[in-house]
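Asker: Would you mind keeping the following structure in view while I ask a few things?
The values are calculated or read from the model by the stated rules, or taken from the named source; none is laboratory data. Note that this is a predicted model, so its numbers are computed, not measured. Quick reminder, even Gly has a Cβ in these numbers, built from the backbone with ideal geometry, and neighbours come from all protein chains shown.
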Amino acid sequence: MAKRKGKSRRRVKDWSRRHRQEDLTSLDAAESETLQPDRVKLPAFRLQRGPGESELADRPRAEGMVTGLFPGGARVRLGEEDLLCSLAGTFRPPPGSTALAVGDRATVALTPPQHTSGDKEIDKDRADGVILSRQPRQTALSRPQPTSSKRRGRHDEDLAEKVIAANMEILLIVTSMRQPPIRPGLIDRFCIVAERGEMRPIVAINKIDLGEPDEGLIAELAANDVAVFCCSALQRRGLEELLAALRHRSSVLAGASGVGKSSLINVLVPGANVPTKTIRMKDKRGRHATAAAKLYELPGGGILVDTPGVRELAVEMDQRELPWYFPEMAALAGECKFNNCTHTHEPDCAVRRAAEAGRIPPRRYQSYLRIRETL
Ligand code: GDP
Ligand code: ZN
């Protein structure tokens, strides 16, 4: 079992590596990409526009983590401090993706203290630092750009991703037992998003005070290496175990609206005070929420990022890639009659046979078919 999983993981990585290589060779669009504002209001005069490397050569440098974005710049955390930074005129992020995202590691040229008169007013007019470059990303939580599909070619579609959070180790997928009812298909999708972005998926099933979690589903997820934690933010149950899994790591939250993400943050992070919703309307889905990405420090170490952009992430990829994210199916694909079998209608399909016989969980097979239809 473990061996099979390892193999399929590696194949997934090969796929993504190949995609990335394509990215490097077929680009031009992203040169002009602008930063995604997160609606943080900042006085424009704080942003001195684009000094070049040479002007900044004698300034001290430091590497920090991007914790927020605004037009023309970003907030960068250095140690305990959050600096408001503008962008160097020479800042050229690798093309093909969002220029800067929460979680990115950026090198900043620090603005020296104003030594002439000690006039505080002058300091207010300057950025605290200038972003020179960003490090390559270890992981990326991304979503395809909704505007991309029609007019672009296949290559361009691959590139049209928006990175919502970078370098997060864990994608914390939050669901609820009831209100709203648990959606195993959505969990499958989020697990794919996690694996594509090279993050580890962890599932938190919240609101267990409203119903017992389905052991079958937990076993299915566990069989694919996904850890599941059952909890109740309301009754403060199961939180220690969840916290232990997140401690000293960086995690980003995902999950449908109303499952209790904000409530979980509030019970995990003392003093977070995230507003929770008591009434929700259909057209008020999180995707359109205006709040910025927020970064929380977990007690005992670790960070938790909550961004409104991940409430309902779409999966976008080549249909042929999908089976690799279903390791229980990928393992059987070699036994199908056709080596390009899609496991949907072909005769002598080992995957279909296994699903019918229950050797592959029928729910997983259905989930595969449903996701495939959307691609
Ligand atoms: P979010 O949209 O995912 O951030 O969800 P919220 O945290 O705003 O929670 C949505 C609703 O679910 C609120 O009314 C919460 O009080 C409620 N809720 C959150 N956690 C629990 C829980 O563990 N049990 C129950 N019964 N309700 C909860
Ligand atoms: Zn097949």
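Asker: Out of (1) within 10 Å of ligand 1 (Cβ to nearest atom); (2) modelled with pLDDT of 95 or more; (3) crowded, with 22+ Cβ neighbours inside 10 Å, the odd one out for Pro201 is which?
Answerer: Every condition holds for Pro201 apart from (1).
Asker: In addition: Take Val228 and tell me if it is among the hydrophobic types (A, V, I, L, M, F, W, C) and under 24 Å from Ala330 (Cβ atoms).
Answerer: Against the criterion (among the hydrophobic types (A, V, I, L, M, F, W, C) and under 24 Å from Ala330 (Cβ atoms)), Val228 qualifies.
Asker: Being touching an Asp or Glu at 6+ places or on another chain (Cβ under 7 Å) and closer than 18 Å to Glu321 by Cα is the filter; apply it to segment 337-370 and report the residue that is farthest from ligand 1 (Cβ to nearest atom).
Answerer: My answer is Phe338.
Asker: For Met281, are the conditions met, namely being hydrophobic (A, V, I, L, M, F, W, C) and modelled with pLDDT under 90?
Answerer: Yes, satisfied.
Asker: OK, next. Please determine whether any residue of segment 221-228 is modelled with pLDDT of 95 or more, within 10 Å of ligand 1 (Cβ to nearest atom) and over 20 Å from Gly301 (Cα atoms).
Answerer: no
Asker: What number of residues within segment 349-362 satisfy the criterion of being assigned to a loop (DSSP other than H, G, I, E, B) and near ligand 2 (Cβ under 8 Å from one of its atoms)?
Answerer: 1
Asker: What tally of residues in segment 244-261 results from selecting those that are closer than 13 Å to Leu304 by Cβ and surrounded by fewer than 19 Cβ atoms within 10 Å (Cβ to Cβ)?
Answerer: 4
Asker: Next up: Filtering segment 135-149 down to residues that are modelled with pLDDT of 90 or more and surrounded by fewer than 17 Cβ atoms within 10 Å (Cβ to Cβ), which residue is farthest from Pro201 (Cα to Cα)?
Answerer: Here the residue is Gln135.
Asker: Just the residues that are assigned to a loop (DSSP other than H, G, I, E, B) and at pLDDT below 95, please, taken from segment 229-256.
Answerer: Gly255, Ala256
Asker: Okay, moving on. Between Leu132, Leu84, Leu100, which is assigned to a loop (DSSP other than H, G, I, E, B), modelled with pLDDT of 90 or more and at negative phi?
Answerer: After applying the criteria, what remains is Leu100.
Asker: Go through (1) free of Cβ contacts under 8 Å to residues at least 24 places away in the same chain; (2) more than 12 Å from ligand 1 (Cβ to nearest atom) one by one and return the number of the condition Val269 breaks.
Answerer: Result: Val269 passes all but (1).
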